[in-house]
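Novice: Before I ask anything, let me first share the structure, which is written out below as structure tokens.
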Amino acid sequence: MATYKASHKGARMSAQKIRLVADLVRGMYADEALDTLKYQPQRGARMLEKVIQSAVGNAQDPDQNNGRSHRIEELVLTEVCVDAGPMFKRIRPRARGTAFMIKKRSSHIRVAVTPIDEV
């Protein structure tokens with residue numbers, strides 16, 4: 001079973017925000033998912049869109065597929081996973097000598113597409 005993967009590690013956005021748009025496209029055909037994400041206003045949709053395009057590009061590359069190229073209409077998103085990445089921790093001074101922690105979150109986005117004849 002051939003699955004073609006792509007990932008974006010260290011995306012500078014929290015995983016919670018990207019998961020909202022990842023839930024929209026999980027299990028869709030790749031071309032439908034790209035059309036859906038194109039009209040979403042979230043910044044996480046742009047990041048997810050690029051990762052899906054990369055996975056589709058991997059599936060269409062004949063050098064990786066023993067001379068075979070898959071069309072975008074026959075690819076299904078079998079895995080759309082968004083995990084938390086490392087955090088930058090900063091300190092915000094507050095009143096009376098105290099401090100609050102600011103966590104600048106990042107995430108890892110993983111996408112896998114599979115041709116429909118192999119699902």
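Novice: Given the conditions (1) within 17 Å of V113 (Cβ to Cβ); (2) open to solvent by 50 Å² or more (accessible area, probe 1.4 Å); (3) of a type in the set (G, A, S); (4) at pLDDT below 95, and given that S54 satisfies all but one, which numbered condition is not satisfied?
Specialist: (4)
Novice: Among (1) over 17 Å from T3 (Cβ atoms); (2) β-branched (V, I, T); (3) not in a strand (DSSP E or B), there is one condition V82 misses while meeting the rest; what is its number?
Specialist: With (1) over 17 Å from T3 (Cβ atoms); (2) β-branched (V, I, T); (3) not in a strand (DSSP E or B) applied to V82, the lone miss is (3).
Novice: Can you give me the number of residues within the range 4-34 that are buried (at least 17 other Cβ atoms within 10 Å of the Cβ), not hydrophobic (A, V, I, L, M, F, W, C) and not in a helix (DSSP H, G or I)?
Specialist: 4
Novice: Do the conditions hold for L37, that is, is it without any contact (Cβ under 8 Å) to a residue 24 or more places away in the chain, open to solvent by less than 60 Å² (accessible area, probe 1.4 Å) and in a helix (DSSP H, G or I)?
Specialist: Details: without any contact (Cβ under 8 Å) to a residue 24 or more places away in the chain: yes; open to solvent by less than 60 Å² (accessible area, probe 1.4 Å): yes; in a helix (DSSP H, G or I): yes.
Considered against the rule, which asks whether it is without any contact (Cβ under 8 Å) to a residue 24 or more places away in the chain, open to solvent by less than 60 Å² (accessible area, probe 1.4 Å) and in a helix (DSSP H, G or I), L37 comes out as yes.
Novice: Collect the residues in the range 58-73 that are open to solvent by less than 80 Å² (accessible area, probe 1.4 Å) and in contact (Cβ under 8 Å) with a residue 12 or more places away in the chain, keeping them in residue-number order.
Specialist: Selection gives N58, A59, Q60, N65, H70, I72.
Novice: Is it the case, given these coordinates, that G44 is touching a Lys or Arg at 6+ places or on another chain (Cβ under 6 Å), open to solvent by less than 70 Å² (accessible area, probe 1.4 Å) and not hydroxyl-bearing (S, T, Y)?
Specialist: Answer is yes for this residue.
Novice: In the range 54-79, which residue that is in contact with a helix residue (DSSP H, G or I) (Cβ under 8 Å, 6 or more places away or on another chain) and of a type in the set (V, I, T) is nearest to S7 (Cα to Cα)?
Specialist: Going through the qualifying residues, I end up with V56.
Novice: Inside the range 74-116, can you point out the residues that are of a type in the set (A, V, I, L, M, F, W, C) and either open to solvent by 60 Å² or more (accessible area, probe 1.4 Å) or more than 24 Å from the chain's Cα centre (by Cα) (or both)?
Specialist: A84, M87, F88, I91, A95, A99, F100, M101, I102, I116
Novice: Which residue is farthest from M13 (Cα to Cα), if the candidates are limited to the range 85-119 and must be assigned to a strand (DSSP E or B) and in contact with a helix residue (DSSP H, G or I) (Cβ under 7 Å, 6 or more places away or on another chain)? Break it down stepwise before answering.
Specialist: Quick first cut of the range 85-119, residues assigned to a strand (DSSP E or B) only: 88-93, 99-104, 107-115.
Applying the additional criterion that residues be in contact with a helix residue (DSSP H, G or I) (Cβ under 7 Å, 6 or more places away or on another chain) yields 107, 109, 111-113, 115.
Working: S107: 6, I109: 11, V111: 17, A112: 21, V113: 23, P115: 30 Å.
Looking at the filtered set, the residue picked out is P115.
The values are calculated or read from the model by the stated rules, or taken from the named source; none is laboratory data. Quick caveat, the model's predicted, so the values are computed rather than measured. All Cβ positions, even for glycine, are placed from backbone atoms using ideal geometry, and neighbour counts span all protein chains on display. With ligands, DNA and RNA removed, areas are computed over all heavy atoms of the protein, side chains included. Shrake-Rupley method; radii C 1.70, N 1.55, O 1.52, S 1.80 Å.
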